Amino acid sequence: LKNLGWLLFLNLLIKPFWVLGIDRSVQNVVGSEAFGFYFSILNFSFLFSLLLDFGITNFNNRNIAQNNQLLTKHFSGILILKFMLLAVYLVAMFGVGFLIGYNRQQFEMLAWISLNQFLLSFILYLRSNISGLLLFTTDSIISVLDRLVMILFCSILLWGNVFSKPFQIEWFVYSQTAAYGITALIAFIVVLKKASFLKLYWNQPFIIMILKNSLPFALLVMLMAIYFRIDAVIIERLLPGNVGEMQAGIYAQAYRLLDAAGMIAFLFAVLLLPIFSRLLKLKQTIESLVKLSFSLLFTVSVIIAFGSYFFHLEIMGWLYPKHPQEASDIYTLRLNEASQIFSVLMFSFIGISTSYVFGTLLTANGNLKQLNIIAAIAVAISLVVNFLLVPRLQALGSAYASLGSQFLNCILQVIIVQRLFRFRMNYRYLAELIIFVGGIALIGFISHKLAYPWKVNFLIMLLSSGILILILRLINIKELIGILRSEQA
């Protein structure tokens with residue numbers, strides 16, 4: 001718990017500043033069209049991320065944790081496999097890019113982004129060895145090192161007046177390459193000292209075994225990447241001319257806060273997975289922990305969703321001021337579009353948070369088949385809604401597609417969990433959740449109408465929401481402390 005707390009602390013300290021400080025500032029400097037150009041290609045590269053990892057990282061993490069002595073034996077074979085997968089990744093990604101009509105400029109950007117994706121995948125694999133060896137402090141530092149180096153490089157390029165010309169979106173990508181390269185090198189040195197690595201050697205049976213064991217998880221990763229990342233690609237491809245890049249950039253503005261919130265929920269899931277796994281292995285009850293975990297994430301996500309809905313214009317205006325050369329009417333139009341997308345998109349966070357509880361439980365229980373079926377259904381819904389709505393509503397159509405697919409995903413996961421674990425129906429708890437949602441909506445509406453500055457009104461909403469949680473007793477503090485003490489024991 002101490003090491004997980006350290007991991008959470010470092011990530012919450014560094015990554016929100018990266019998303020809201022550097023990433024946001026880059027878009028404000030280069031403009032929505034240039035950032036939309038980058039953002040759509042970045043999301044396109046994520047669609048093929050399965051081919052870079054194929055579930056190896058998760059397989060290796062579990063395997064090394066159970067058998068530390070296998071690191072030296074497996075390290076060489078997996079290194080060869082990673083470079084083989086890189087070749088497959090490049091062929092598939094550039095082949096599809098050619099088929100959908102990417103031009104030379106897009107291919108040049110794609111080449112750098114694909115290098116970054118490989119370096120990131122390689123870092124994650126190296127970290128799976130480090131965490132598998134229970135070197136949690138080292139793993140925690142490496143988990144934020146790339147972002148820390150990027151913050152340093154981008155801060156110099158953004159505000160250091162190093163070059164006479166304005167910041168270019170390409171510099172942002174080059175900074176990522178340098179940061180990932182430095183982090184990968186440091187992680188490789190750490191693992192190398194533990195692996196007693198001598199030379200690369202080909203082990204075909206071992207490679208086939210890894211691919212076979214990691215296939216179900218690899219499929220799940222691919223499906224999740226599609227319904228999380230396909231939106232920007234569809235926007236850029238379906239809409240004509242520069243409209244696609246502009247709309248992808250506007251969508252990126254709204255998506256950035258959803259991405260930042262999702263990081264927090266994901267780190268919570270990292271804590272839940274080993275606890276669920278242990279309780280299931282020991283055949284102990286998990287109902288109270290599922291309820292507590294869901295209550296924590298659900299209440300936070302509902303508050304964030306309704307806060308974003310009622311204060312969408314103020315938040316977007318605060319984060320994204322007018323560009324110096326931008327006309328006022330163009331800025332107003334862009335701000336209104338981004339705000340409307342943001343108000344819809346943030347409700348997806350409720351579905352994402354719910355999935356991080358129930359999806360994590362299904363993962364711990366080994367129900368990858370059910371998770372893959374659910375994810376495939378969510379992908380189909382996302383694609384259909386995107387292709388129907390984007391030509392009519394532009395980026396707003398993708399926001400509705402994301403909302404629908406995320407809620408469908410979490411609802412199906414809840415149904416599967418209920419059928420598998422037969423949790424007792426707690427109607428009082430369900431009634432409290434309904435009252436809470438209605439109460440937060442009312443608090444948000446009233447807070448937004450107050451005659452104070454909007455930041456004061458927003459703070460009043462947050463404080464009032466916290467009081468409502470305590471009144472309804474949705475989060476039992478004594479129960480939380482009891483679970484933590486039992487884990488320490």
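Would you be able to say whether some residue in the range 208-231 is surrounded by fewer than 18 Cβ atoms within 10 Å (Cβ to Cβ) and among the acidic types (Asp, Glu)? No, the range 208-231 has no match at all. Being touching a residue at least 60 places away in the same chain (Cβ under 8 Å), within 28 Å of the chain's Cα centre (by Cα) and open to solvent by less than 40 Å² (accessible area, probe 1.4 Å) is a property that does not hold for Ser447.
Condition test on Thr363, is it in a helix (DSSP H, G or I), open to solvent by 10 Å² or more (accessible area, probe 1.4 Å), more than 20 Å from Val243 (Cα to Cα) and among the polar types (S, T, N, Q)? Answer is yes for this residue.
Residues to consider are Tyr201, Tyr227; find the one that is farther than 23 Å from Lys82 by Cβ and at pLDDT below 80. Step by step, each of Tyr201, Tyr227 is checked, and only Tyr227 is farther than 23 Å from Lys82 by Cβ and at pLDDT below 80. Can Lys194 be described as within 24 Å of Ser32 (Cβ to Cβ) and open to solvent by 50 Å² or more (accessible area, probe 1.4 Å)? Here the answer is no, as Lys194 does not meet what is asked. Just one of the numbered conditions (1) basic (Lys, Arg); (2) farther than 29 Å from Lys82 by Cβ; (3) surrounded by fewer than 17 Cβ atoms within 10 Å (Cβ to Cβ) is not true of Arg256: (3). Would you point out the residue of the range 387-425, among those that are in contact (Cβ under 8 Å) with a residue 40 or more places away in the chain and not in a helix (DSSP H, G or I), that is surrounded by the fewest Cβ atoms within 10 Å (Cβ to Cβ)? Going through the qualifying residues, I end up with Arg424. Taking every residue in the range 1-30 that is more than 20 Å from Ala338 (Cα to Cα) and of a type outside the set (A, V, I, L, M, F, W, C) and pairing it with any residue that is at pLDDT below 70 and not in a helix (DSSP H, G or I), at least 6 positions away or on another chain, yields no pair with a Cβ-Cβ distance below 6 Å. The set of residues in the range 431-465 that are over 24 Å from Leu319 (Cβ atoms) and not aliphatic (A, V, I, L, M) comprises Glu432, Phe436, Gly438, Gly439. Only residues that are part of a loop (DSSP other than H, G, I, E, B) and either surrounded by 21 or more Cβ atoms within 10 Å (Cβ to Cβ) or not polar (S, T, N, Q) (or both) were counted across the range 96-138, and they come to 6. Annotation note: of Leu442, Leu459, Leu430, the sole residue that is within 29 Å of the chain's Cα centre (by Cα), more than 16 Å from Phe294 (Cα to Cα) and open to solvent by 50 Å² or more (accessible area, probe 1.4 Å) is Leu459.
Of all residue pairs spaced 6 or more apart or on separate chains, those with beta-carbon atoms under 8 Å, a first member in the range 148-164 that is open to solvent by 60 Å² or more (accessible area, probe 1.4 Å) and a second member that is assigned to a loop (DSSP other than H, G, I, E, B) and of a type in the set (A, V, I, L, M) are Ile156/Val162. Would you confirm whether or not the range 326-336 contains a residue that is open to solvent by less than 10 Å² (accessible area, probe 1.4 Å), part of a helix (DSSP H, G or I) and at pLDDT 90 or above? No, there is no match, as no residue in the range 326-336 is open to solvent by less than 10 Å² (accessible area, probe 1.4 Å), part of a helix (DSSP H, G or I) and at pLDDT 90 or above. Determine whether the range 341-351 contains at least one residue that is among the polar types (S, T, N, Q) and modelled with pLDDT of 90 or more. Yes. Being closer than 22 Å to Ser447 by Cα, touching a residue at least 40 places away in the same chain (Cβ under 8 Å), assigned to a helix (DSSP H, G or I) and aromatic (Phe, Trp, Tyr) is a property that Phe306 has.
Test Gln370 against the stated conditions and say whether it is part of a helix (DSSP H, G or I), open to solvent by 20 Å² or more (accessible area, probe 1.4 Å) and either out of contact with any Pro (no Cβ under 7 Å at 6 or more places or on another chain) or touching a residue at least 60 places away in the same chain (Cβ under 8 Å) (or both).
The answer is yes for Gln370.
The values are calculated or read from the model by the stated rules, or taken from the named source; none is laboratory data. All values derive from a computational prediction rather than experimental measurement. All Cβ positions, glycine included, derive from the backbone under ideal geometry; neighbour counts span all protein chains shown. In case anyone asks, the SASA skips ligands and DNA or RNA and just uses the protein heavy atoms, side chains included. Shrake-Rupley method; radii C 1.70, N 1.55, O 1.52, S 1.80 Å.
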